Structures are given as structure tokens and as C-alpha cells.
Amino acid sequence: MSAEESGRTIRIATRESQLALWQANYIKDELKKRSPERNVELIPVSTIGDRDRTEALANMGGMGVFTREVQRVVLDHNADIAVHSLKDLPTESIAGLTLAGIPPRESRFDVLVLPECLLSCMGESACNDLSCLSIGARIGTGSLRRQSQLLHARPDLQVLNIRGNVETRIKKLNDGEYDAIILAEAGLHRLNLKQHIAVVLQPPLMLPAVGQAALGIECRSDDSLVIELLNAISDQVTAAEVLAERACLRALRAGCHAPVGTLSTCHGSTLTLQGIVLSPDGTQRFQATETGPSSDPETLGERVAQKLIEDGASAILQSH
């Protein structure tokens, strides 16, 4: 590495929400651990998904509402790295960019969050499923995947759209706009808000989103220095899992906001992937599971997608 490269400042493009800033600072710290002398700085970016916090995500052009502007800053050489929540990153690659860093994954499940007054009253009697929700309870989520799985288990529930950052959603819940909301467990862990978790919604009740709880770090395809730095902070198991999940979603020709859930499990050199596709009302549910070598995750993802398509799942995705 030349003296110029060793002294180069690495600029990280990030959204400005508290969770996005946590993620960017985490990557900054990981880079600094390996190169303490290197200067790393954050470049804040506003995305359409951040500016419009009322419109349903599915109505905002779907894919890329939280990623396009961040990617553009890197492509324009105004930053070197784009940090994404991998579940928000479209599976179709952008010319000139490469997904070079996939650090270890956090807990990938969704959680049920109840109002603080109710959660404190429940105490030790907290339930482990959806049985703590009353008939017709109002559940806030902006995700079709969560909506469809909730309604599959409890068709009596009222699923209402909710937007805003984690703190805003919890405030809306405590203000009485909803009886419960669904959030990602990883986000609450990262923001030190674990006390709000009432129930962890584990499979088979609810399968996570593709790439949920994993970070995806992009850089320019010709930036060999940054590619080397990002490869060094990547985790092979997490990478195998999310590459299989993303290949499945891509082969289904579905967006990151589609009613698709996946669960990947890596044991040594063996990778297992389960995929589900549901209708938005939860009445139709297609499921497929395949196992293959972790060294070829994308082929495994494609096989799961093909089974889902053969079973009829594509009709749901085409209508979405």
C-alpha cells in the first residue's frame, strides 16, 4: 500500500436516522480497529424514504427508497462507502458499485412491542406468542411481509400502516394510535431499547426479511483499497446466508418490500434456506426449503425460489 493510500481519509455515506448513524459508526469503529491511524468520517445523506414519512413504502417506488441517494453520493466520489441495512438494499446491482462488506449479523427476528403501560402491568406474565393481543387489535407495521404473516396467524387483527424512525413509532404506540407495533429486534438492540420488547416473533410464526439484521457496505467497483478494507471486516457465515436469501428474492423477481420471508441456517459447510411467499391478506402461503453447500449460496437461493414458483407463488408476486 502506498503512502498516499495509507493516509487516505475514508468517507462513509449514511442516512441520518439514529439507527443508520449507529450502523455507520459501527463500520467506522471496525475500520479504525484495523487501521487506527486512518481518518474515517461520516457523510450524512437524506433519502426519499427519510423525507416522506407518511406515504406507505410500497407506494414510493418500492425498491431503493432508502438507498438510491446514498449510492449516488459514492458514485459521484463524494464518499467512498455506502452503509445500508441489507434488507433495504435491492438485489439488482448498480453499475459501478460492489457489495464488498457484510459484517456479522445481529439477531434477525421481528418483535412485538406493546405500550409501556401494558408491558409494565404484564410483568412476569408476558406471553410468548400473539395470544396477548385482543380480538381486533390494531397492529402497526409498514411491511407487507409482517402484515401477511400476522394475518395468516391471526386474521382478526387490524394491520395499520406506520412510518417513522424507531423512536417515533414507539411514541405513536404509547400515544394510543396502535395497540401494538412490530419492529426488528436488531434495531432495538442497537439503540439500547430492548426494554420495549414484549414477544420475539420467531419462526414458524414469522420469518425474517431477506438480509434482516445484516449490514451491507458498498463501494466503487474500482476502489481496490476500500474493497480490501471492507473484505477484512466481513463475516463468511453471514455473507453465505444473505447471499442465498438475496438470490432467492432476485430469482422470484420480487422487491425488498414484497411479502417474502426467509430463514437461513449455516452448519459448518452446509447451508439450509427456507423461503415463504404469502398473499397480503395471509390467506395463501407457499413454503420451500432446500439445503446445499455454503460455498455456493446463490445456487441454493435460486433453487428455493424455483420451488416456490413451481408451487404457484409467482401469481402472488405478480399481483403485488
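The values are calculated or read from the model by the stated rules, or taken from the named source; none is laboratory data. The structure displayed is predicted, hence computed values, not measured ones. Reconstructed Cβ throughout: ideal geometry from the backbone, glycine too, with neighbour counts over all protein chains shown. Side chains included, ligands, DNA and RNA excluded: accessible areas come from the protein's heavy atoms. Shrake-Rupley method; radii C 1.70, N 1.55, O 1.52, S 1.80 Å.
In the chain, taking the dipole from charged Cβ atoms about the Cα centre, the farthest positive-side position among 157, 36, 84 is held by 157.
Amide H contacts of residue 199: 112, each under 5 Å away and 5 or more positions distant or on a separate chain (H built 1.01 Å from N in the peptide plane; Pro and chain starts excluded). Over the C-alpha trace of the chain, radius of gyration and Dmax come out as 19.8, 66 angstrom. The long axis of helix 236-251 is offset from the longest Cα principal axis of the chain by roughly 70 degrees.
Taking 24 Å as the limit for the C-alpha separation, the pairs 28/87; 28/172; 171/194; 28/171; 33/87 exceed it in the case of 28/172; 28/171; 33/87.
Between residue 34 and residue 224, the modelled labels are 1.7 nm apart [label points 7 Å from Cα along Cα→Cβ]. Looking at region 234-320, the accessible area is 43 square angstrom per residue; that uses a 1.4 Å probe and ignores ligands, DNA and RNA.
Would you mind calculating the relative contact order of region 83-177 from Cα pairs under 8 angstrom and at least 6 residues apart, reporting the percent as a whole number?
Details: 44 pairs, mean separation 23.9, N = 95.
Computed value for region 83-177: 25 percent relative contact order.
Whole-percent P(r), region 80-197, all Cα pairs, 10 Å bins from 0: 11, 39, 31, 13, 5, 0. Compared with the dominant Cα axis of the chain, that is its longest principal axis, helix 297-311 is turned about 30°. Taking amide hydrogens as placed 1.01 Å from N in the peptide plane, the amide H of residue 235 sits under 5 Å from those of 102, each at least 5 positions away in sequence or on another chain.
Given R₀ = 22 Å, FRET efficiency for residue 299-residue 232 by Cβ-Cβ distance, to 0.05? Step by step, r from the Cβ atoms, then E = 0.25. Counting protein heavy atoms only, region 148-291 has 48 percent of its accessible area on carbon and sulfur, 1.4 angstrom probe.
The long axis of helix 18-34 is offset from the longest Cα principal axis of the chain by roughly 40 degrees.
With a Förster radius of 30 Å applied to the beta-carbon distance between residue 92 and residue 189, the computed FRET efficiency rounds to 0.50. If you take the Cα centroid of region 19-36 and the Cα centroid of region 300-320, the two points sit 37 Å apart.
Where the only charges are on Cβ atoms (+1 Lys, Arg; -1 Asp, Glu), what is the dipole of the chain about its Cα centre, to the nearest 20 debye?
Here the chain has a charge dipole of around 340 debye.
Per-residue Karplus couplings for region 104-112, computed as 6.51 cos²θ - 1.76 cosθ + 1.60 with θ equal to phi - 60°, are listed in order as x, 7, 7, 4, 9, 8, 8, 9, 8 Hz, Gly and Pro entered as x.
Between residue 68 and residue 16, full extension at 0.36 nm per residue minus the direct alpha carbon distance yields a gain of 17.3 nm. Considering only alpha-carbon pairs that sit under 8 angstrom and 6 or more positions apart, the relative contact order computed for the chain is 21 percent.
With 0.36 nm allotted per residue and the present C-alpha distance subtracted, the residue 129-residue 171 stretch has 12.8 nm of extension available.
In deg cm²/dmol and to the nearest 500, what is the mean residue ellipticity at 222 nm of the chain if only DSSP H runs of at least 4 residues count, each as -39500 (n - 2.57), divided by the residue total?
On the way: 12 runs with 111 residues, N = 320.
Rounded to the nearest 500, the figure is -10000 deg cm²/dmol.
Region 159-185 and region 64-97 have their alpha-carbon centroids 27 Å apart.
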